[in-house]
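Take a look at the structure below.
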Amino acid sequence: MRRKRGLTLKTAILALSMSLLAGAAQAAPAANTTPTANQVKAGELVIDPPTLINLGFEWLIEGDDNRNAKVEAAYRKPGEKAWKAAMPLLRLSGERIYQSEGVFNVKTPNMFAGSILDLEEDTQYQVRLSLSDPDGGSAVRIVTVKTRAEPKPAVGGRVYHVAIYAGGDSVWHAPRPGESVHREHLWTHAVSYGRVG
């Protein structure tokens with residue numbers, strides 16, 4: 001009887017070992033599919049309308065489920081050899097951006113977004129965005145973008161004095177350029193106002 005028990009115990013250990021090995025072999029394909037969901041794939045690069053001194057970018061991506069990809073940003077003026085580092089783009093995916101009912105309610109797509117700040121106005125720049133992911137996948141985009149020039153008054157345009165109606169036959173206004181804004185009666189012997197439009 002003792003011999004049978006020992007044999008049965010050995011058989012049980014062998015069966016358990018075989019089932020563990022079979023389970024590990026079945027789990028192996030699942031481990032191979034996980035990295036593809038974590039690998040990044042570059043999508044469309046959107047260039048936001050520039051401001052006087054800032055340039056903004058949104059780069060749509062696929063994958064990177066574990067959110068460990070990154071986008072390094074650098075810029076330079078055309079003709080310069082050295083790139084200047086800028087802040088990396090921010091990783092977004094599924095965050096909700098909300099501002100009071102009915103005004104703004106957005107769920108962000110799978111993307112990176114960010115800006116290059118404190119540039120010179122009305123100046124052209126080359127921008128290099130480098131996407132990389134330790135799980136696989138990479139891309140580099142180099143674009144040329146120009147900051148806006150400061151708006152100037154139209155040449156030969158008409159000049160209007162603007163006042164804000166404050167109620168009670170009075171307005172808020174600055175009577176002359178450089179003077180501070182104050183409240184004044186709407187109708188006086190020196191001044192009268194009309195409505196434009």
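Nothing in this text is a laboratory measurement; each read-out follows from the coordinates by a stated rule. A quick note: this is a predicted structure, and the numbers were derived from the prediction, not measured. Ideal geometry is used to build each Cβ from the backbone, glycine not excepted, and the neighbour counts take in all protein chains shown.
Placing R0 at 35 angstrom, the Cβ-Cβ distance between N105 and R148 gives a FRET efficiency of 0.75 after rounding to 0.05. Among the listed pairs K84/K146; K70/K107; K41/K146; K77/K152; K81/K152, those whose Cα-Cα separation exceeds 22 Å are K41/K146; K77/K152; K81/K152. Modelled label positions at R96 and H161, each set 7 Å beyond Cα in the direction of Cβ, lie 5.2 nm from each other. In terms of surrounding Cβ atoms within a 10 Å radius of their Cβ, L52, L129 rank from fewest to most as L52, L129.
Compared with the direct C-alpha span, the chain from M87 to D65 gains 5.7 nm at full extension, assuming 0.36 nm per residue. Among D135, D64, a tally of other beta-carbon atoms within 10 Å of each Cβ gives an order, fewest to most, of D135, D64.
Among M87, M111, sorting on how many other beta-carbon atoms sit within 10 Å of each Cβ, with the fewest leading, yields M87, M111.
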